[in-house]
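Taking it in order: structure first as structure tokens, then the write-up.
The values are calculated or read from the model by the stated rules, or taken from the named source; none is laboratory data. Fair warning: this is a prediction, and the values are worked out from it, not measured in the lab. Heads up, the Cβs are rebuilt from the backbone with ideal geometry, glycines too, and the neighbour counts pull from every protein chain shown. Please note that ligands, DNA and RNA were not included when accessible areas were found on the heavy atoms of the full protein model with its side chains. Shrake-Rupley method; radii C 1.70, N 1.55, O 1.52, S 1.80 Å.
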Amino acid sequence: MKFKNHLIVLLTIIFGFWLDHYFNQFTIRYFLELNFGFLIFSYWVFAMPEKIHSLAAVLYGLAVDLFFSNAIGFNMLFFVATSYIIHLYVFRFRIFSYFQLSVFFSGSSTFYIACKYLLLSPNNYSYLVLILSFVVNAILWVGLYQIMRAFRRRIFYN
Amino acid sequence: MARSTPTYTPIRNYAIALILSVIFLYADISNQTFAPLRGIVSASTLYVQIISRSITENIRFTFASFKQNKYLLQENKKLRDQILQIGSKDFVEKKDNENKVQITDFQDTLSNIFKPNDINVYKIASIDLRNYFCCSSHKIFLHNPNKINIEENFSVFAGTSYVGQTKKTYMNFIEVILLSDREHVLPIKSDFFYCDARGKGKPMLISCKLNYQNDDLKNKIGDIVFTSGFGGIFLKDIEIGTISEIVSITSNEIEVVITLKTNPLEENFYGIISKDINEI
């Protein structure tokens with residue numbers, strides 16, 4: 001994949017994290033943490049597994065860590081791990097229904113949120129946040145999937 | 001028949017990337033290895049925000065001048081800023097006067113401490129609201145356009161009480177760790193205890209653990225808590241907040257939760273006493 005395309009992918013991921021950064025300051029009061037950034041990254045690996053490998057995952061993670069995280073290495077770690085799991089099962093995912101995909105990706109993002117709280121902010125760890133975030137991120141995934149697919153087709157196939 | 005779909009996923013690269021990430025994460029969490037890097041990135045981001053904000057304001061002012069309101073708007077903004085600055089300085093001067101009456105032996109020391117040049121007032125540049133509402137890290141950045149040299153661990157006040165202490169300076173910004181940050185420890189006292197209160201990682205809350213029974217302290221909710229002055233960073237006898245909750249941990253241990261007096265979200269100007277003070 002060309003550098004320009006990597007830059008586009010990275011910008012969409014950063015945009016997702018920026019959305020999280022902006023909205024979560026309001027939603028967290030209602031025990032809800034959105035996770036657009038992580039879902040967008042997952043989408044790109046899911047949609048183009050042959051183009052996004054370990055190096056890209058590390059570099060995207062590093063960029064996100066620099067701008068949005070409280071600890072360098074956190075997003076790197078999760079991006080690499082997620083990328084590896086998606087690569088392993090990518091063809092199985094292709095025969096999954098939307099519901100199954102939603103559950104898987106929302107589950108991954110909830111695991112990401114849980115680890116973030118456990119590692120970086122254990123005092124604020126809350127099961128209510130995890131449950132609500134799981135449900136809402138599962139719903140969001142469907143919309144995000146449609147939008148990102150349309151975007152990918154427009155950008156990469158034109 | 002194949003049991004799994006054929007994919008090409010070289011484990012070696014992923015393993016190296018995973019180990020590298022873990023090393024980075026461990027180094028940063030345990031030793032804050034990349035804190036300066038993050039600080040510089042945050043400061044650069046703030047620059048971009050401030051520049052874009054000033055461009056927006058200029059555009060707004062241009063439109064306002066068309067309506068012949070520009071002068072009034074500027075004057076209004078200037079006066080508002082001055083009132084807030086005076087309010088912040090007034091708090092320290094009041095405390096200075098009180099201390100001069102109470103501790104006459106230390107009058108010289110106090111007057112040295114509170115020379116007007118030692119108190120600088122800074123405007124807030126940014127507060128990380130997402131972390132403030134959800135997580136352990138509670139920090140703000142103050143705008144330091146004149147690049148005044150501010151060292152680590154100077155006390156920071158706003159409104160009528162302390163809000164935190166300086167941590168580091170990045171470019172034209174001063175990083176301030178708030179009292180409610182999980183890493184911040186503040187020596188406090190009330191009429192029945194002394195303790196080192198740690199931030200709870202929740203807005204405006206700090207807490208400390210004491211060896212008391214809950215039943216002994218039921219009527220202490222609402223009591224005022226002051227700084228004890230230990231540690232030499234914060235002046236003693238400054239009202240910090242009130243006891244809002246007492247939670248039993250074991251039969252002989254309780255956690256006293258204190259709600260802070262000053263809400264950082266309501267303050268625009270923060271004062272830094274830019275001189276080391278010893279216990280007084």
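Structure notes:
- Residues in region B:133-155 reached by a label modelled at B:Met171 [backbone nitrogen below 16 Å; 7 Å Cα→Cβ]: B:141-148
- Fraction of alpha-carbon pairs over 41 Å apart in the protein assembly as shown - percent: 30
- Three principal axis extents describe the C-alpha atoms of region A:1-100; from largest down they are 39, 33, 22 Å.
- Put a dot 7 Å past the Cα of A:Cys115, heading toward its Cβ, do the same for B:Asp81, and the two dots end up 4.5 nm apart.
- Applying the Karplus relation 6.51 cos²θ - 1.76 cosθ + 1.60 with θ = phi - 60° to region B:231-248 yields 3J(HN,Hα) values of x, x, 9, 9, 5, 7, 6, 8, 5, 9, x, 10, 6, 10, 7, 10, 10, 6 Hz, where x marks Gly and Pro.
- Straight-distance candidates among the lysines for linking to B:Lys94, with alpha-carbon spacing under 23 Å and chain neighbours fewer than 8 residues away dropped: B:Lys115, B:Lys123, B:Lys189, B:Lys236, B:Lys261, B:Lys275.
- Figure note: A:Tyr125, A:Tyr98, B:Tyr162 ranked by solvent-accessible area, largest first, 1.4 Å probe, ligands and nucleic acids not counted: A:Tyr98, A:Tyr125, B:Tyr162.
- Applied to region A:137-146, the Karplus parametrisation 6.51 cos²θ - 1.76 cosθ + 1.60 on θ = phi - 60° returns per-residue 3J(HN,Hα) values of 5, 5, 5, 4, 4, 4, x, 4, 4, 5 Hz, with x for Gly and Pro.
- With R₀ set to 41 Å, the beta-carbon distance separating B:Ile23 from B:Thr62 gives a calculated FRET efficiency near 0.20.
- Amide H contacts for B:Gly241 (H built 1.01 Å from N in the peptide plane; partners 5 or more residues away or on another chain; cut-off under 5 Å): B:Val225, B:Lys261.
- Intensity falloff of region B:185-263 expressed as log10 I(q)/I(0), Debye formula with alpha-carbon point scatterers, at q = 0.25, 0.27 Å⁻¹: -1.24, -1.40
- With each label modelled as a point 7 angstrom along the Cα→C-beta vector, the B:Thr160-B:Asp191 pair spans 1.9 nm.
- Computed [θ] at 222 nm, deg cm²/dmol, chain A (DSSP H ≥ 4; -39,500 (n - 2.57); rounded to nearest 500): -27500 deg cm²/dmol
- Contact order relative to length of chain A, as percent, for alpha carbon pairs under 8 angstrom and 6 or more apart: 24
- Backbone geometry of region A:74-90 corresponds, through the Karplus equation with coefficients 6.51, -1.76 and 1.60 at θ = phi - 60°, to 3J(HN,Hα) couplings of 5, 5, 4, 4, 6, 5, 5, 4, 5, 4, 5, 5, 5, 4, 5, 10, 4 Hz, x marking Gly and Pro.
- Close amide H partners of B:Lys167, meaning residues 5 or more places away or on another chain with modelled amide H under 5 Å apart, are B:Asn153, B:Glu175, B:Val176, B:Ile177.
- Inter-probe distance in nm under a simple model that places probes 7 Å from Cα toward Cβ, at B:Val247 and A:Arg149: 4.5
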